[in-house]
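Visitor: Have a look at this one.
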Amino acid sequence: MSTISEQIATTGTPQAGEEGIDIRKIIGLVRFHWKWFAISVAVCLIVAFLYLRYSTPVYKINATILVKDEKKGADLGNADILQGLGGLGMKSNVDNEMEIFKSRTLMERTVRDMELNVSYWTKGRVKLTETFARIPFRLNYVPLNDDSIHATVTYKLNLQKNGTFTLHDEQLNHDFNGKLGDTLKLGTGRVVIEDTYYPISEPQEYTIRVGNYAGAVTKYAGLLTVATPSKQTSTMNISINETVPEKGEAIINKLIEVYLRANLDDRNRIADSTMSFIDERLALVGQELTGIEKNIQDFKQSNDITDISAQSKELIKNTSDYMKQLTDQQVQLSVIESLEKYLQDQGNSSRVVPASLIVQDPTFTSLIERYNSLQLERSRMLMSTTEENPLVKTMDQQLNTLRGDIRSSLSSVKRGVLAGINQLQSYTGNLDSRIKQLPRQERISIDFARQQAIKQELFLYLLKKREETAITKSSTIANARIVDAAKAQPNPISPKKSLIALSALLLGLLIPSAAIYIKDLMNNKVGSKEDITSRTQLPVIGEISHSSGNEQVVVKSGSKSQIAEQFRALRTNLQFMLTGDQKTILLTSSMSGEGKSFVAVNLACSLGLSGKKVVLLELDLRKPKISKALGLNNSKGFSTLMTRQSQLNEVILNSGVMDNLFVIPSGPVPPNPAELLLMPELSEFFAVLRQNFDYIVIDTAPVGLVTDAQLLSAHSDVNIFLTRQGYTFKRQLEIPKELQASQKMKRICIVLNDVQAGGGYGYGYGYGYGYGYGGYGADSGYFEEGKQKKTHKKG
């Protein structure tokens, strides 16, 4: 079985598994500084509460729309039916629609329609709060000159219950008085204070902030998010973050409305172009038909003609088939020539080609459809990019190629129509020669009738195509529909109450923890037993707690205090270290003020309570404290004994604490303390004490300041190096290590004095030596001059 002395000898040796976080130490620090933790947590929670109370919550508003995507097969219901009826369609995909939805053009239309550059605020108890829907007036510019507003302009409007108001213009520093509906000329332009007919319950002050459109567009475009749930779906999720839920819902709904309207406008451009072309041709053909009918009327009136002869009727009947065919061909030729002029006009290079008037030639029809689809796709792309985009330039090249192909195909069709017209004219030429044989009036009448029939056919054909185009346009629908209208989430996304509260709690714990950690990093003094064991292999045989009283003797008979028990534990450890006839214990430290004399007195008392005869030597010859603390006469002592001015029995005094505890005072302070300790009589002195006492306790000067302890260690069996929590510098632990390594002192062990629970560094003892030596020894070097003169309260 291992002895306690063996266990003590191994104290300070690092054991496996001791590295890492010391949970007990952390708990102790928290318990010691619990007030600071409580205050920090309370302050952080209060700050978090005030932040949550007065910060403006931000809500997320969501909407979902379904887009017809040719790639993903989304169907809007009757799209296939419309295409089957010859309706106007155009291909789209979700990716393109997302870019269009995020375009600045759509957002600018929304901002201008809703006048989002103007915001209205009401005054609360602490801050201004924005309002949107429930306000009894609106400020409208007539019109707003966007260049006149370079920064946000603020107006104050005091509204009364009767509808009168006072508006303060900060730019002009002028107050305007008026009534709802009045027009005012402000610094930024002319405005109308419109009445929204929302009831005015009480007088209210409003703050109006006006910015330019560009700033509002940039703001809301940055807040807008457009995404698709997955690559397999053709739905788009539109969301925006806004402090006023009603405003966010209105913005998204308006944005969707603008998007659908723009989408319909794009899809109706072909129909609008076709109808515009037909209207121009109808006006021209109508004028020509009217002119022909007027000529017929004038001719009949001037020649008193009321009916055509039977021969004329027969000729007309025989030539009706040729006339009808010739009329159809001439109509086709007229359409082709009109299309040629349309294509030759460079002003129409970016417009679609009317599709419904085209001759039923499959190749030509296919080219027209490809050209129109590519033209519309280019227009949609320009909503989110510029003409310098490589894709746009590629489309321009494709459009030029298709335009050339259309012209070539149109020329081919025209040549076929001209050939048919020439053939028909050849047939009718024979009939004309026969008609010329008729009377002149009848021939002229037939010419007028033929011209009238051609123009009537063309006019009716154009009217029919116009109605067909109008029907197609009226049944055109957008390529998207609303799945979920805009709706704000019930709870704000910012600030998150649980996250803020948790962050405040963690911050409240982190601040004192960081302060303690930084203090510990910057602390260069011994704070715990671990600080000693981590820097030296010397055993730590005891820890003495802080004594808050003024008594110098805390170990007495029957004492059950914590500090008394700690001295008893120290006594037990020393008894196991002292083997055989070993009995001399030396106490030293690195510097003054570490409680060395206090520990020496109470250690001697603890040894005396065990029934042993103990003598306490006050050999701190430069600054003795024990005799004064115990109220003993120090006129005779060790110094007079060594100089043979006194006898041994004269200097051995009863301590007055207990009968078996004796004290040898230091005597008067000698001029040469070190020389006294080198006298040969010293060995005889200790030999006599060993014969008459069971234990000898030596209180000597600090080894970090003078060499007295090293000289006396030759007569000691155990050397105690005393350290003090929060007072001894960590670097001074190198002193006992060096003394042990250099064999200047042997069997050194360490005692940690003035230990306070939780790591608090209080000062319990007041033995300030204040040595006034000019130098502290070449072998000491561990103590900085001036720091030994700290004042500490007695314990």
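The values are calculated or read from the model by the stated rules, or taken from the named source; none is laboratory data. Here the structure is a predicted model, which means the values were calculated and not measured. Here the Cβ is made from the backbone with ideal geometry for all residues, glycine too, and neighbour counts use every protein chain on show. For accessibility, only protein heavy atoms count, side chains too; no ligands or nucleic acids. Shrake-Rupley method; radii C 1.70, N 1.55, O 1.52, S 1.80 Å.
Visitor: May I ask for the Kirkwood hydrodynamic radius of the range 154-244, worked out over all distinct Cα pairs and given in angstroms to one decimal?
Guide: Evaluated on the range 154-244, it is 16.4 Å.
Visitor: Express in % the proportion of alpha carbon pairs of the range 662-720 at distances exceeding 20 Å.
Guide: 24
Visitor: Are there trypsin sites (Lys or Arg not before Pro) in the range 540-604 that DSSP puts in a loop and that have at most 10 other Cβ atoms within 10 Å, and which ones?
Guide: Lys560
Visitor: Pull up all non-local amide H partners of Ser589: gap of 5 or more, or a different chain, and H-to-H distance under 5 Å with H placed in the peptide plane.
Guide: Val703, Gly704, Leu722
Visitor: Where in the range 474-547 are there trypsin sites (Lys or Arg not before Pro) that are in a DSSP coil and have at most 16 other Cβ atoms within 10 angstrom of their Cβ?
Guide: Sparse-neighbourhood loop trypsin sites (Lys or Arg not before Pro): Lys496, Arg535.
Visitor: Give the carbon-plus-sulfur fraction of the accessible surface of the range 420-555 in %, rounded to a whole number; probe 1.4 Å, heavy atoms of protein chains only.
Guide: 56
Visitor: Using only Cα atoms, what is the ratio of the radius of gyration of the range 580-640 to 2.2 N^0.38 Å?
Guide: Dividing the Cα Rg of the range 580-640 by 2.2 N^0.38 Å gives 1.19.
Visitor: Report ³J(HN,Hα) in whole Hz for each residue of the range 710-715, in order, from the Karplus equation J = 6.51 cos²θ - 1.76 cosθ + 1.60 where θ = phi - 60°; Gly and Pro get x.
Guide: Working through the residues one at a time gives 5, 5, 7, 5, 5, 10 Hz.
Visitor: Turning to a different aspect of this structure: Taking loop as defined by DSSP and a crowding limit of 11 other beta carbons within 10 Å, which trypsin sites (Lys or Arg not before Pro) in the range 620-727 fit?
Guide: Arg644
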